[in-house]
Amino acid sequence: MSVEHGSTWDPNVIGPLDRCLRCWTPVREAPAYCQFCGKTAGVFNTDAEDSPTNESCFYHNGRSATCFCCVCAEPICSECKANKTTPFSLMLAEVWHCRTCVDSAARLEKEYFERIERDGCCSKHVDVIASFHCKKCDLPLCLSCSYFSSVGIFRKRIGDGPFCIGCLRTAFMGSERKKWFSGHDMGPALVG
């Protein structure tokens, strides 16, 4: 399921798994960063326990590889190691991002933020003008991408927000997260 402008993803439902959460661009397998906005999300293309045996560095022919890049899955030497990650799920095992992946993702991210700032558009719908900015991460959001917590028993009112879907998920847990609405639900009354 993908979300188009004018519809809202339920933050209590896992996903979307087919899209980048920052910009809604369809996800590709490799490299494990968004090719539109540079967000690294699907890291760990290789096991942390894997070590290249008798392999040369992908970027420096003739140098022995010491590990695999967890983003592009290429064997890399110690000079190519740029960013170490210790994921909780691997219990203190280290995985590395190569310089090429780190630099490419940073360049895409810089260009993406410059473009949405210059155009004043929603971070997920580049053809729609932003109405809000996420309270936590400052991403520009259109009505469909703006989430608010709700308060009130008989009449829904804004409790807190606006948030992007990722920040709403981290700001509210459990039963609190079930009390939400999107800017799209409120429409012009919310903006005006």
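The values are calculated or read from the model by the stated rules, or taken from the named source; none is laboratory data. Predicted model, so just to flag it, every value in this text is computed and none were measured. In this analysis, Cβ positions are derived from the backbone assuming ideal geometry, glycine residues included, and neighbour counts consider all displayed protein chains.
Please state which one of 121, 80 is at pLDDT 90 or above and in contact with a helix residue (DSSP H, G or I) (Cβ under 6 Å, 6 or more places away or on another chain).
Values: 121 fails: in contact with a helix residue (DSSP H, G or I) (Cβ under 6 Å, 6 or more places away or on another chain).
After applying the criteria, what remains is 80.
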With respect to residue 101, determine if the residue is assigned by TED's automatic domain parsing to the domain that holds residue 37 and among the hydrophobic types (A, V, I, L, M, F, W, C). yes
Test for residue 68: is it in the same structural domain as residue 34 (by TED's automatic domain parsing), at pLDDT 80 or above and outside any loop (DSSP other than H, G, I, E, B): yes
Return the total of residues in the range 12-37 being in contact with a Cys (Cβ under 6 Å, 6 or more places away or on another chain) and hydroxyl-bearing (Ser, Thr, Tyr). 1
Qualifying residues in the range 1-54 (those that are modelled with pLDDT under 75 and hydrophobic (A, V, I, L, M, F, W, C)) - the one nearest to residue 165 (Cα to Cα): 3
Among the residues of the range 113-163, count how many are in a loop (DSSP other than H, G, I, E, B), surrounded by fewer than 17 Cβ atoms within 10 Å (Cβ to Cβ) and of a type in the set (A, V, I, L, M). 2
